[in-house]
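Derivation of every value follows stated rules applied to the coordinates shown; laboratory data play no part. Owing to the predicted nature of the structure, the values given are computational and were not obtained by experimental measurement. Quick reminder, even Gly has a Cβ in these numbers, built from the backbone with ideal geometry, and neighbours come from all protein chains shown.
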Amino acid sequence: MGRDTFYITTAIPYVNDVPHIGHAYEGVATDFVARYHRQRGEEIFHVTGTDEHGLNNQRAAEAHGMSPQDWVDSMAPKWREVWGRLDISYDDFIRTTEPRHEAVVKKLLTAVHDNGTDDIYLGSYEGLYCVSCEAYYTEDELKDGLCPIHERPVELAKEENYFFRLSAYTDRLLAHYDAHPSAIEPSSRRNEVLSVIRGGLQDFSISRTSFDWGVPLPWDETHVCYVWFDALANYITAAGYGDDPERFAQLWPANIHMIGKDIVRFHAIYWPAMLMAAGLEPPTQVWAHGFINVGGKKMSKTNATSIHPFELLDRFGTDSYRYYFMREIRFGEDGNFSWESMVDRHNADLANGLGNLASRVLAMVESYFDGVLPAPVVEGAESDLPAVTADALRRYDEHMLAIQLQPALGAVWDIVARANAYLVEKQPWKLAKDPANAGELAAVLYAAAETLRILAVAIHPIMPAAAASLWSQLGQPGSVADAHLPAAGAWGGLEPGARTTKGESLFPRVEHEAQ
C-alpha cells in the first residue's frame, strides 16, 4: 500500500435500527467511486462501518430488553448483510465497539487534552438535545419546536461535560478552506460551512455522564466520550493511527469522506478542528450528498417513509438498484424515489437499452457466425463508433474524478444509444440475407461486439455482476475487473475468433404492479 493509495470512506450510521435506502444510497455511491478508481488501475482503500456507542443505541437496546453490547452485536451483521447484497467492495469495516477503535479514541483524546493549549476543559451545559442527531440545538435552529432533521421533540439536557474549544479554531479553519477551495463539495455545502464558521463557532461537549455506553475519557473515567470524538475517529482507526505509523503516513489524509448533508457541520468543522488540535492533517475532501425523499419527505424511520433495500433488490436485482440511484438523482442534491420511476428507468436504460443491445448482437454473432467473433475485414464499417466511445470515456473519466456521478453514467449511455442507432443504420439482419455482404456483415458485428466489450469495462464500477456476465458472453479471458482504463477502453481490443455465448438476458423487463 503506497502513499498514492486512494482512501475513501462512508459515514458510519447508528445501529439503532436496520438500514434503509437512504443509507444504501451513500454506500453505493462510495463503492461506485472506489471501483472506478480501481478500474483505472489505482490502489484503493475503502472503509465503512457502524457507529455503536451513544444514547441512540443504548435506548434502542433498552427498548428491546438487551444490553447495549448484545444489541449492537445483533445489529452489525444486518448492516453487513445489506452491504453484501449491494455488492459493496469495502476493504475495512469499522465497528466503534472494537478494541482497536477504543484505543484510537483514547489516543486522539489524549493528544488533544495534552497539547498544551487547554483545548479540552471541564464545564457544564444546558441545552436542547436531539437524541437521534446526538447534537444540541438552539431555539432558533428548531423547526416548529422540533429537531430540523428528524422532526421529533428535543430534550432539555443539563450536565457537567468536558468541552472542546472549537471557538479557538475559527481562523485556522477559514485559512484551511481558503487554501483548499475543493475541501468541501459541492459548493453549496462549502458556502454553508463557511457561513457557520464566520458566524462564530461555539465550543462543544465531548463527554456525557448521564449514560455510560461509550469510551471512558482517559483522564476521567466518570465521563464517557461524546459521539463525535468517538465516531469520527473511525477514519484514523482504519488508517492505522497509533498502531501502525508507517501505514498511517501512507493513507492519511483521506482523499474523500462521503457523507450526508445533515452531518456536514460535524465532518467539515468539528473533525478538521479536532485533527488540527491533535497535530494531524484534515481530510483532503468532504463530499456531502443530498437526501432521498419519498412522498416529499426525507427517507426516515421517524416519518414512516423508510424502505429496506431488500424490498427493491428482490424485485430489480443488485445491478439495477445500483444503477438507478446513481443515474436518477444528481449527486449532491436531494432526489425523489418512486417505484414507478425505478421501473421506467430499469426498462428504458437497462432492459431496452444495454440489455437489448447485448442480446441482439450476441444472437446475430451466434446465428450468422456460429458464435465465433468474425474479423472486421471491411474498413470503415464501424462508422463513428470509435470516436463516440473515446469521447464518452473521456467525459466519463472527467465526471467520475469530479464525483459527478449522474452525468458520468449519462456519458456511458451515450455509447449505448449510439450503438443501438448504429445497428438500425447498418441493419445486419438484412446484410445477412445476401452472401455478397458477408464481409460488411462481419465488420458491422465486430464493431457492435467491440462496443459491448468497451461497455462491459465502463459499467463494471456501477454494475459489476452485469459487466462480468457480458465480459464472459463476449468470450473474453480473465476478469473484467482487471481490464484497466484508459487502455482497456481503446478501440480494437476484441480478438477475432473469440467464442461468444448468448446467455440469459442481462436485464429482464420489470412490469408496473397493478394499483
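Assuming charge only on the beta carbon of Lys and Arg (+1) and of Asp and Glu (-1), the dipole of the chain about its Cα centre is about 1140 debye to the nearest 20.
Rounded to 0.05, the FRET efficiency of the Asn352 and Ala438 pair, given R0 = 30 Å and the Cβ-Cβ distance, is 0.50. Between Glu379 and Val196, the simple label model (points 7 Å from Cα in the Cβ direction) yields a spacing of 6.3 nm. Relative contact order, whole percent, for the range 404-505 stands at 23, derived from Cα pairs under 8 Å and 6 or more residues apart. Residues Leu194, Leu452 in ascending order of nearby Cβ atoms (within 10 Å, fewest first): Leu194, Leu452. For the chain, the list of Cys residues with no other Cys C-beta under 4.7 Å reads Cys225. A dipole drawn for the chain from +1 and -1 charges on Cβ atoms has a positive end, and of Trp339, Pro386, Tyr396 the residue lying farthest that way is Pro386. Taking the Cβ-Cβ separation of Thr110 and Val424 as r and a Förster radius of 56 Å, what is the calculated FRET efficiency to the nearest 0.05? So the FRET efficiency works out to roughly 0.25. Under the convention that each Lys and Arg Cβ holds +1 and each Asp and Glu Cβ holds -1, the size of the dipole of the range 106-174 around its Cα centre is about 340 debye. Computed extension length for Glu221-Glu495: 91.9 nm, one decimal, from 0.36 nm per residue of separation with the Cα-Cα distance subtracted.
With a Förster radius of 30 Å applied to the beta-carbon distance between Tyr121 and Phe248, the computed FRET efficiency rounds to 0.60. Residues of the range 393-425 falling in the label zone of Ser187, defined by backbone nitrogen less than 20 Å from a point 7 Å along Cα to beta-carbon, are 398-408.
I need to check one value: relative contact order of the chain, counting alpha carbon pairs closer than 8 Å and at least 6 residues apart, in percent. Rounded, it is 16 percent for the chain.
Computed 3J(HN,Hα) for the range 370-376, one whole-Hz value per residue from the Karplus formula 6.51 cos²θ - 1.76 cosθ + 1.60 where θ = phi - 60°, is 6, x, 10, 5, x, 7, x, glycine and proline marked x. Based on C-alpha pairs under 8 angstrom that are at least 6 apart in sequence, the range 240-370 has a relative contact order of 19 percent.
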